[in-house]
Amino acid sequence: MEELAEIVAIEDDQITLVSQVKSSCNSCSQVSTCASGQIAKAIPHRKLSFTLPYPQSLSVDVKQSVDINVGDCAVLSLPEGHVLQSAWQVYLLPIMGLFTFSAFGQLMLNQHVLTHELQALLLGVLGGYLGYRLAKHLQNQLSNISKLQPKILRILTKPIEIGAVENEKPD
């Protein structure tokens, strides 16, 4: 997955980038009649700001040495496999915990171990909560956090404005 971000600050070995958060509702043909599209229009577009370490090696859109300046655009990348794995953990582990513990609670109810259906229901809710806690634990591990850190692939330098070249007079 790739995303464009603008470089807004360079300090020491850190680069601060700002990326526009995009909504899929803006590109749909039904945006004028859809309630979700109307809400997406009403809410101002948010910007995501983050700081990354200064990259050691980059490729530039033009074959020249890398000179990173404020105002340039950077192409950021996240590995899709890690994003999908993270999404799987966050969405499916709580649901699997809920279903598993609910089935176990129903089995215990049928075996007359539990005396009321409310106990089986609470056991299912407990399973969902444990699945949520497991997903949260897996997401907070340092190895997983580093895998989901965006990386700068290349720098897209600002194009030269024609007006700026015409206004310059040789001495």
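When Pro159 is tested against (1) outside any strand (DSSP E or B); (2) modelled with pLDDT of 80 or more; (3) not assigned by TED's automatic domain parsing to the domain that holds Val90, only condition (2) is not met.
If only residues of the stretch 1-50 that are surrounded by 14 or more Cβ atoms within 10 Å (Cβ to Cβ) and among the acidic types (Asp, Glu) are counted, the one that is modelled with the highest pLDDT is Glu6. Would the stretch 106-120 turn up any residue that is at pLDDT below 95 and within 30 Å of Asn69 (Cα to Cα)? No, the stretch 106-120 contains no residue that is at pLDDT below 95 and within 30 Å of Asn69 (Cα to Cα). Under the condition of being among the small types (Gly, Ala, Ser) and exposed (fewer than 15 other Cβ atoms within 10 Å of the Cβ), which residue from the stretch 83-138 is farthest from Lys151 (Cα to Cα)? Only one residue tops the list, namely Ala103. Residue pairs whose Cβ atoms lie under 8 Å apart, sitting 6 or more positions apart in sequence or on different chains, and linking a residue in the stretch 100-111 that is over 13 Å from Leu126 (Cβ atoms) to a partner that is part of a helix (DSSP H, G or I) and polar (S, T, N, Q), are Leu109/Gln119.
The values are calculated or read from the model by the stated rules, or taken from the named source; none is laboratory data. Being a predicted model, the structure only gives us computed values, none of them experimental. With ideal geometry, Cβ positions are generated from the backbone for all residues, glycine too; neighbour counts draw on all protein chains shown.
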